[in-house]
Structure formats: structure tokens, C-alpha cells
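To start, the structure under review is shown below, and the notes come after it.
Derivation of every value follows stated rules applied to the coordinates shown; laboratory data play no part. Note that the coordinates shown come from a computational prediction; the quantities given were computed from them, not determined experimentally. Every residue, glycine as well, gets a Cβ built from its backbone with ideal geometry; the counts of neighbours run over all protein chains shown.
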């Protein structure tokens, strides 16, 4: 129910933002066709046809009703069906994003635990430095540096492009390594920092001291007693990270020229194709809300106390 | 009496000492100060006018006259990086002040009054938070125009929900304290309680969040400028400099690497100082970050 309400509010925010943007969508629509053949009356008629002469609230509910039925409208410039185009591009963004997310979920906490357990040693210092650099490196810049080193200098990987793994898996892997690495950098770094911080916090607890006093081995203490408690804040972080990965695809897909949702929205913004931008943001927001819902469920599973509250 | 003024000074000294006890925090403070000095005294420090096109010196390699070379229009890269610090700091500090001020007031109202006011504000906050900040800033920047002012408002809007949530959460716990009840019982008004009794007790996490967000704001601005939807050339914005340099990556990688390193340095510095402040203001966290 809460998630549904949030999606409704997002749809309202997106709709209002799009209506406030400069540039008349009708004129964009006309400009993309044959400009000479439209008279003022015809433009008026077109406005009526598209329902843009109705009050704003009515327009919103019309748009929402259509969106619920799977109709996000047509691109103002290219006249393609927005949902269909999103359907073509979403798998690409999700493929790269989810792989990056999975890598972040595994490597990040792993580095964090190693760092916390070896606190103050060179390994800890190394992980901390890498994590801090990973958080601060601008993704577009990191992408450019990788292209320079691995594509232009060492000539090991292609500069840009995307091939479906179903068409050519090897080519896909070569093209995807750099974008996935850049997308995963922030999740790895922030999950490592968060895990390190919460593992150190948990290791100070009395029950951990008791476990040590009982003579349990370090491995058992870390896996059975520390990890489950320390991973709680990390799970919360994952919901936010997925949002950032989807946001990050905007940058990555532009740098590596990947035909995903991020590229679609940037191209839409540059060409003022607002139906496309509106549709993409709505789909992104729904994806984020659903992923947050999954995180909440996972959270309840990890900490049963939450279910009783 | 002189004795009365002593404790706060000692407290401040202790605060500074603890804050600067970690090497990376000292590095962060020095880096921020250096960038601040570079921004203020840019016209004196920069060897060239950042917009001057030296047509005989187009795409120069780093040399004694141009320490970081020149771009495709013959502009000195080092000078543009130095002037770029002005935009970075203005956007970083400005957006955070706007977002934190607005977020604090809205968060205070939501947390203090509760009920339907809380529900409406928090659901809208959840709604805005469902849109990735970069995407949101992208749309709002297009709405307001791609000048420094438009970009600042856009990024502030994207960062706003974080502050509302933070302050609201703090208020919910602080308002249960006995001193708030005591203030109520002696007849202090709602505004007085909110701003004089509750707000000061929410400041520590707010200061930490503000420092951290300065780095994020600079990153978002650089990303927008890189995409061509932020601050437009010829203004010396680091993000658009990286993009311009990208076209000459094979020939002059320094054109992209230089401004990128500048972004990284500033964001790193703000994050480290944020970590240090978090450590100092919350002793329980000391050593965990």
C-alpha cells in the first residue's frame, strides 16, 4: 500500500515537472513532422486530439490511466511507442546494472569484513584507501581513464558499443567489462566502508566478547555471530545503491555508447522529447520502489524483531 | 568573568584536536583550504586568463609555459582548472546550504507536528527519493536553464529529501526528551521549542551530512556538465572540461585526466572531513570510519 502511494506521488511529481519544462510539446510534435502543412487551426485540433487543452489535473489522470494500461505515449520526435522502446532498452540497463550490483553485494562486504578483522594492518589501510577513492572517483572520468588504458593504450578491449550476450557472448563480455566495473565501483566502495564500520561496531558488543571467551574460533565468530548482525545496515544500503546504479547508467551508457535506458533519457533531455523522459523516469522510479520493497522484506527476514513491531 | 569563557575555548580546542588526530582528515582540511585559496585568488594564481584563446598554442603538451598543456582552443588547462574551483566550491557549498536550510525547516515541521503533516511531507519525500538524484537534477536543471543558478537549485532539489528525512528522524527522537516537555510546561511557544530546544540537538548529524553532501553535490554538478546539461562552456566547469578533453583522449589525455583529478581531490577532501566530523561528534563511532 505504501509502495503504491509512493508510486502515485512519483507519477504526480514526474508529470508536473514535465509540464513545467520549457518548450511546447505540441510545437515539438509539429516540428518533427512537416512544418508547412500545419495551420494554427490544425495545431489547435492536434492539441485537442492529444488532450492537451484539458485542465492539468484531467491531463494527469488521463496520462496515469494510460500508463496503468501500459500506454506511455509516443515519442514526440521519432513517433515510436515509448513503452516498447523502454522494453527494448530496459534489459540492457538491467543486465549491466544487476551484474554490477551483484558484484558490489559480494565484493564490497567481503572487503569490509577483511578490513575490519585486520583493523589497523596494511590490508585494512589498503582497503580503506581503495574504498575512499572508489567513492570519490567521478564515474564518467573513471570510464574515460579505463578506455584510455585498456582500449587505446593496451588495445585489449573495444572502446565502446554493445552486443547482446545472446548474439555474441564473447564480444558482449569484452564490451561490458569496463561499464560494469565503473558501475560496480561505487557499490563496492560504499558497501566495504559500511560493512567495515558495522563489523567493528558489532565486534565491540558483549556477546562477541563472550564468544571469544568461550574459545570459539575467529571464523565461527565472524560467520555466525558478527556477520548477521553487521550486515543489517549493509542491506539497507543496498536499496539505495540500486537506485544509484540506475542513476549511474545515465553516465555509463553515454560514455560507452550503450543503447540502454540511461542513453534514452539523456537523448530525450537533449532533444526535449519529454514523453520519453517522462516514461523512463516513471519506469525507473517504479523499479526503485519495488527494489526498496524487496529490501524491506529482506530486512524483516534478517531481523525477525522488525516483523513484530 | 574570564573563567566563564574558558570552557568553550577548551571545548573547541579539544574538538579541533580530536578532529585533526587522523592524517586523512588533516589532508582533507588542507586540500579544502588550498582549493578555497585557489578559488578566491584565481586571477592572481592562474598563469593565464581561463578564456584566453592562444591560437598559436592549440593542443600543447605540458611544457614550461603551460604546465598542463592547452585545449583545442588554445586555453591554458591549469588556469581553467584553477578557475573551475570557483564553480565547484560555489555549487558544492551553495547547494548544500540551500538544501540543508530548507530540509531542516521542513523536517522540523514534519517531525514536530506529526500526524497528517508528517504523513504528507514524508510520502512526498519518499516519492522524490525514488528518482535517482542525478536524474532528478537533470530534469530540474533543464527546467531552470543550465546556468550556475539553475544547476544549483536543481541539485539542491535532488539533495533536499535526504535532509528532510535526517532532521525529521532526529526531531522524532529529540522531542521525547524531558527538557522539551519542560519547555512546553513553562509556556515556550512552538516555534521557540522547535528552533531553540530541538534544532540545536539535531545539529551534529546535520553538520556531518552537510560536509558529505558537498562532495556529492560537486559530483552531480560535474556529471551534469559532462552530459552537456549542466554549466555550459565557455565557463570553466570541471565536468565539461573532462568531456571536451575526451575528444582528444588519444592525443592529449591530460585534458581529461587533469580536471577529473581535481574533482576527485575535492570530493575526497570533503568526504574525509565529513568522516572526521562524524568521528569527533559521535565518540561511539571513533575508529569505525
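Considering Cα pairs under 8 angstrom that are at least six residues apart, work out the relative contact order of region A:154-309 and quote it in whole percent.
Details: 122 pairs, mean separation 34.4, N = 156.
It rounds to 22 percent for region A:154-309.
What order do you get for B:70, A:254 when you list them from fewest to most C-beta neighbours inside 10 Å?
Going from sparsest to densest Cβ surroundings: A:254, B:70.
Pick from B:12, B:216, B:54 the residue whose mean-square fluctuation is largest in a GNM of chain B, springs joining Cα atoms under 10 Å.
Looking only at B:12, B:216, B:54, the biggest GNM fluctuation is shown by B:12.
Could you tell me whether region B:1-138 comes out rounded, prolate or oblate from its Cα gyration tensor? Rule is a ≥ b ≥ c as square roots of the eigenvalues, rounded for a/c under 1.5, then prolate if a/b exceeds b/c, otherwise oblate.
Judged from the Cα gyration tensor, region B:1-138 comes out oblate (a/c at least 1.5, b/c at or above a/b).
Averaged over B:135-147, how many beta carbons belonging to a partner chain fall within 10 Å of each residue's beta carbon?
Taking the mean over all residues of the peptide, I get 5.
Over chain B, with a Gaussian network built from C-alpha contacts below 10 Å, which listed residue (B:84, B:114, B:69) shows the highest mean-square fluctuation?
B:114
Taking Cα atoms, how many degrees apart are the long axis of helix A:122-136 and the longest axis of chain A, rounded to 10 and kept between 0 and 90?
10
Under a GNM of chain B (C-alpha, springs under 10 Å), which listed residue has the highest mean-square fluctuation: B:118, B:157, B:268?
Of B:118, B:157, B:268, the most mobile in the Gaussian network model is B:118.
Please report how far the C-alpha centroid of region B:152-189 lies from that of region A:109-183, rounded to the nearest whole angstrom.
40
By how many degrees, between 0 and 90 and to the nearest 10, does the Cα long axis of helix B:23-40 differ from the longest principal axis of chain B?
Tilt relative to chain B: about 60 degrees.
Pull out a ≥ b ≥ c, the square roots of the eigenvalues of the alpha-carbon gyration tensor of the protein assembly as shown, then state rounded if a/c is under 1.5, prolate if not and a/b is larger than b/c, and oblate in the remaining case.
rounded
Going by a ≥ b ≥ c, the root eigenvalues of the Cα gyration tensor, does region A:248-288 fall in the rounded group (a/c under 1.5), the prolate group (a/b larger than b/c) or the oblate group?
Oblate is the answer for region A:248-288, as a/c is 1.5 or above yet b/c matches or exceeds a/b.
Relative to the first principal axis of the alpha-carbon coordinates of chain B, what is the inclination of helix B:254-281, with its axis defined by its Cα atoms, in degrees from 0 to 90 and to the nearest 10?
Its long axis makes an angle of about 20 degrees.
Counting alpha carbon pairs within less than 8 Å and at least 6 residues apart, what relative contact order, in whole percent, applies to chain A?
Reported relative contact order: 25 percent.
Using a 10 Å cut-off around each Cβ of peptide A:279-289, what is the average number of partner chain Cβ atoms that fall inside? The partial results should precede the final answer.
On the way: counts 0, 1, 7, 2, 0, 4, 8, 1, 1, 4, 4.
Mean partner-chain Cβ count within 10 Å for A:279-289: 3.
Considering only C-alpha atoms, what is the centroid distance from region A:229-265 to region B:198-241, in Å?
Here the answer is 18 Å between Cα centres.
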